[in-house]
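> Would you mind keeping the following structure in view while I ask a few things?
The values are calculated or read from the model by the stated rules, or taken from the named source; none is laboratory data. Everything numeric here is computed off the predicted structure, so don't read it as measured data. All Cβ positions, even for glycine, are placed from backbone atoms using ideal geometry, and neighbour counts span all protein chains on display.
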Amino acid sequence: MARTKPWEVSDDLWERVRPLIPERPPHAKGGRPAADDRQMFAAIVYLVRTGIPWNAMPREQGASSTVYGRFRLWESQGVFQRLWQAGLQDYEELAGLDWHWQSLDGTQIKSPFGGDATGKNPVDRNKRGTKRSQRCEGHGLPLAVVLEAANRNDMIVAEATLDAIVIERPDPQEVEQHLCMDAAYDSPRIIEAVEERGSIPHVRPNWWNRNHGHPATPEQLAASQGPQPGKQPRRWVIENTHSQYP
C-alpha cells in the first residue's frame, strides 16, 4: 500500500480554500511577484500536519521566512477563522453538528517564544506557556477557542469561551443544549453564566467547594460516583479534542 501524504493539498481542497483568501493589490513599484497562494497554503498545511518548526521547512515547500510572512498576513486577514467556519458549516450540512451534547475544558501548552502572551505554567515548573480553552460539539469538533497566559484561571477564561463560538448557534429554545465540564468549573459564577446563555450545565463536583459553602446538587453527587448504568460518558470528548489539536 502506498504511503499516504496527509499534508498534500488536493485540487478539491484548494478550490474550497481559494475564495477565502483576499486578493492582493498589485505592488505600486512592481518588483518580484509574490509567492503563489496555493504553494504558501500547502507549506502551512505541511508544517501543521508534520509538526516541524518554521526554520526546518523543506526548501521545496518554500522559504521559511516567506511562508511565515504569508501565515501572519492571512492570520491578520481572518483567513484561518473563515476556513474554520467554512469547515464547520460544511460538516453541519453534510452530517450535522451535535449541538445537544457539548463540552468545555482548558489545557496548558508550551510557548517558550510566546513573549507577553504567555505566563508561568503552574503544571510545568513555571515555564512559559499558554492556556487554550476550547468548547466542542458532541463529535469533538471545536466550536470556540480562547488563548490566554498559562497562569490564567480556568474559570476566568471559561466565560470568554462561552461567547467565542465562531458560527451561528441554534436557538436553545429549539435545540436543547447540554454543556459538560470538569471540577475546575464547579463555581456558582460559571454555572450561572452557562445557564444565562441557554445551556444546561453538567459539572463534576469540586469537593473543596462542597465543603466550604457550595454544596453539590443531587445530580452532581450522582455523577461523582463514576459511570452510571444507562448513562453515556461525554466529558472525554473535549479531552480527545485537545489531543487532536495540539
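> Among Arg72, Arg16, Arg82, Arg49, which is in contact (Cβ under 8 Å) with a residue 12 or more places away in the chain, exposed (fewer than 13 other Cβ atoms within 10 Å of the Cβ), assigned to a helix (DSSP H, G or I) and basic (Lys, Arg)? Don't jump to the end; show me each part of the working.
Values: Arg72 fails: in contact (Cβ under 8 Å) with a residue 12 or more places away in the chain; Arg16 fails: exposed (fewer than 13 other Cβ atoms within 10 Å of the Cβ); Arg82 fails: exposed (fewer than 13 other Cβ atoms within 10 Å of the Cβ).
Selected residue: Arg49, the only one of Arg72, Arg16, Arg82, Arg49 that is in contact (Cβ under 8 Å) with a residue 12 or more places away in the chain, exposed (fewer than 13 other Cβ atoms within 10 Å of the Cβ), assigned to a helix (DSSP H, G or I) and basic (Lys, Arg).
> Let me ask another. Suppose we filter Trp74, Trp7 for residues that are touching a helix residue (DSSP H, G or I) at 6+ places or on another chain (Cβ under 7 Å) and modelled with pLDDT under 90; which single one remains? Break it down into steps so the answer makes sense when it comes.
On the way: Trp74 fails: modelled with pLDDT under 90.
The unique qualifying residue is Trp7.
> For Ile191, are the conditions met, namely being at pLDDT 95 or above and either assigned to a loop (DSSP other than H, G, I, E, B) or among the β-branched types (Val, Ile, Thr) (or both)?
Numbers: at pLDDT 95 or above: no; either assigned to a loop (DSSP other than H, G, I, E, B) or among the β-branched types (Val, Ile, Thr) (or both): yes.
No.
> Within the group Leu88, Leu143, which residue is outside any loop (DSSP other than H, G, I, E, B), farther than 25 Å from Val203 by Cβ and modelled with pLDDT of 95 or more? Steps first, please.
Values: Leu143 fails: farther than 25 Å from Val203 by Cβ.
Unique residue meeting the criteria: Leu88.
> So, of the residues in the stretch 146-159 that are closer than 16 Å to Val203 by Cβ and of a type outside the set (A, V, I, L, M), which turns out to be surrounded by the most Cβ atoms within 10 Å (Cβ to Cβ)?
Among residues in the stretch 146-159 that are closer than 16 Å to Val203 by Cβ and of a type outside the set (A, V, I, L, M), the one surrounded by the most Cβ atoms within 10 Å (Cβ to Cβ) is Asp154.
> Another question about this same structure. Would you confirm whether or not the stretch 64-77 contains a residue that is more than 19 Å from the chain's Cα centre (by Cα) and farther than 25 Å from Ala35 by Cα?
Among the residues of the stretch 64-77, not one is more than 19 Å from the chain's Cα centre (by Cα) and farther than 25 Å from Ala35 by Cα, which makes the answer no.
> State which residue pairs qualify: first residue at pLDDT 90 or above and inside the stretch 52-65, second residue surrounded by 10 or more Cβ atoms within 10 Å (Cβ to Cβ) and assigned to a loop (DSSP other than H, G, I, E, B) in any location, beta carbons under 6 Å apart, and separation of 6 or more residues or different chains.
Taking only residues 6 or more apart or on different chains, the pairs are Ser64/Met57.
> Does Tyr46 satisfy the criteria of being among the aromatic types (Phe, Trp, Tyr) and within 30 Å of Arg234 (Cβ to Cβ)? Please lay out each step first, then the result.
On the way: among the aromatic types (Phe, Trp, Tyr): yes; within 30 Å of Arg234 (Cβ to Cβ): no.
The answer is no for Tyr46.
> Just give me the residues in the stretch 146-175 being part of a loop (DSSP other than H, G, I, E, B), under 22 Å from Trp236 (Cβ atoms) and out of contact with any strand residue (DSSP E or B) (no Cβ under 7 Å at 6 or more places or on another chain), in sequence order.
none
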